[in-house]
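A.B. asks: Pasting a structure here, questions to come.
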Amino acid sequence: MELSFWKSFLESNRDLKNKNRIFYSIINSLIPIEMNNDEIIISCDSDGARKYIINNKKAELEEMISAHAGRKITLSFVVKEKKTTKEMPLLNFQPSVEDVFRKAGLDTHHNFDNFAVSTTNQVAFAASQAVAQNPGTSYNPLFLYGGVGVGKTHLAQAIAHNILNENKENKVIFCSGERFMNDLIESIREKNTPKFRKKYRSLKLIIVDDIQFIAGKQTVQEEFFHTFNSIVSAGGQVVLTSDRQPHEIRNLEDRLRSRFSGGLIVDIQQPNFELRSAILLIKAREKNIKIDIEAANAIAETVLDTRSLEGTLLSLYARALDSQKNIDLMVVENFFQNTKEQTKKRLNPQDIIKRVCTFYNVKQSHLKSTSRVSRIALVRQIVMYLLRKQLDLNLEEVAYITKRKDHTTVIYAVSKIENMLMRDSSFKGEIDSIVQSLSLST
């Protein structure tokens, strides 16, 4: 393998560092070890990195190298042989990009490249990029607030992606306000708060999603105050998200309110029509779903909730598969017409029970049993949540329908599902699909 060819290839793609830092860092970690005619054998740091490249980036990389070489080049990937030495054996281990992101609590899909920008979020987007490029100096803390599904979490995690792409050794944590509280409680229970403080106070970047959760919790606020100060004083970055501005968070200590207001506070508005359409097309591309522009626009005009867009897309995709049709304007119009007609029908608790059990392939008899199998328990809690939120039944009615002894079980179920909806976008998509099929709206 001619090293000059590989060096010139890397040099010609230096602009990737600004356009796609993840891809740029991947390319720079690769080592060409042999060229046989028109095949290049490339060594990867780890098997995780090798699998990631083959599954996600091989075709794109082959196309780039072929264009640089002026002929068709195929690539083969092997794992770099690890030398066994007595000195510093851990130096041979290199975690994959996916491993690093997972450890930090990040979703690999949340980056700047696939974030749709419009007038409703362009200030937040620009501020997030500035923080990602100069953490600890520009806008500290960065406080993003807005309603559900406007992109707060996506932007916050995109910042983390950039900082980790610059250096995988950077200490980064993304957590919810509830997760921070639970970790603190666990450390107190185990009488090991020094471990907790070492974990959180030595970070290069901390992102706390739904920071309003810690309001009214004195011990948690005390600990977060000192965590905040430790990170900022050491040159680290703090990013916070919330559904409201700092001065609107009730029972938040004044000193925390002051800290939160000391950086940049950015309001992210609900997406307009153009942004909803762009988001829908991005989601379709990520899931390899073919959809016409006209169809995407029709959906964006009807579905105003960003998170419901994905649920609607998946419902349309399922129907299109059944009828062996592409998702075009006619399919969308028929879908919404059927949905409109279905809303005229009066739903009852049995409709919800049947739909949820069918979706998760659970027998209705199991739902009303005393089984504590985690999967059945979760489905039961989903039913309780939908009965409560969508049919506006009181706690006692929900408990009676689901054969529970008292309403406290219902309170716990509703709270648990609400927390899962905030934390887990995949789970939110499942619930959206169920709701869409019932012609309800969350």
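A.B. asks: Quickly run through the stretch 294-316 and pick out the residues that are surrounded by fewer than 16 Cβ atoms within 10 Å (Cβ to Cβ) and closer than 17 Å to residue 428 by Cβ.
C.D. replies: 304, the sole residue that qualifies.
A.B. asks: Additional query: Scan 410, 332, 356 and give me the residue that is touching a strand residue (DSSP E or B) at 6+ places or on another chain (Cβ under 9 Å), modelled with pLDDT of 85 or more and surrounded by 13 or more Cβ atoms within 10 Å (Cβ to Cβ).
C.D. replies: Every option except 332 fails the conditions.
A.B. asks: Residues to consider are 351, 392; find the one that is in a helix (DSSP H, G or I) and under 30 Å from residue 304 (Cα atoms).
C.D. replies: Details: 392 fails: in a helix (DSSP H, G or I).
Unique residue meeting the criteria: 351.
A.B. asks: Any residue in the stretch 205-229 that is assigned by the TED database to the domain that holds residue 158 and of a type in the set (Phe, Trp, Tyr) sitting within a Cβ distance under 8 Å of a residue that is surrounded by 20 or more Cβ atoms within 10 Å (Cβ to Cβ) and assigned to a loop (DSSP other than H, G, I, E, B)? List the pairs, counting only those 6 or more apart or interchain.
C.D. replies: 228/141
A.B. asks: Looking at the stretch 13-56 only, could you name the residues that are at pLDDT 75 or above and part of a loop (DSSP other than H, G, I, E, B)?
C.D. replies: 13, 14, 15, 30, 38
A.B. asks: Can you find, within the stretch 359-389, the residue that is nearest to residue 412 (Cα to Cα) among those that are at pLDDT below 85 and not in a helix (DSSP H, G or I)?
C.D. replies: Ranking the candidates gives 372 first.
A.B. asks: Mind checking whether some residue in the stretch 425-433 is modelled with pLDDT under 85, exposed (fewer than 13 other Cβ atoms within 10 Å of the Cβ), closer than 29 Å to residue 157 by Cα and of a type in the set (S, T, N, Q)?
C.D. replies: There is at least one residue in the stretch 425-433 that is modelled with pLDDT under 85, exposed (fewer than 13 other Cβ atoms within 10 Å of the Cβ), closer than 29 Å to residue 157 by Cα and of a type in the set (S, T, N, Q).
A.B. asks: Name every residue in the stretch 343-399 that is without any contact (Cβ under 8 Å) to a residue 24 or more places away in the chain, within 21 Å of residue 421 (Cα to Cα) and hydroxyl-bearing (Ser, Thr, Tyr), in order of residue number.
C.D. replies: 358, 360, 374, listed by residue number.
A.B. asks: How many residues, within the stretch 183-222, are more than 22 Å from residue 139 (Cβ to Cβ), crowded, with 17+ Cβ neighbours inside 10 Å and among the hydrophobic types (A, V, I, L, M, F, W, C)?
C.D. replies: Result for the stretch 183-222: 5.
A.B. asks: Checking the conditions here, which among 174, 225, 180 is assigned to a helix (DSSP H, G or I) and either closer than 17 Å to residue 140 by Cα or touching a Phe, Trp or Tyr at 6+ places or on another chain (Cβ under 6 Å) (or both)?
C.D. replies: Selected residue: 225, the only one of 174, 225, 180 that is assigned to a helix (DSSP H, G or I) and either closer than 17 Å to residue 140 by Cα or touching a Phe, Trp or Tyr at 6+ places or on another chain (Cβ under 6 Å) (or both).
The values are calculated or read from the model by the stated rules, or taken from the named source; none is laboratory data. Quick caveat, the model's predicted, so the values are computed rather than measured. Counting neighbours? That spans all protein chains shown, and the Cβs are built from the backbone with ideal geometry, glycine included.
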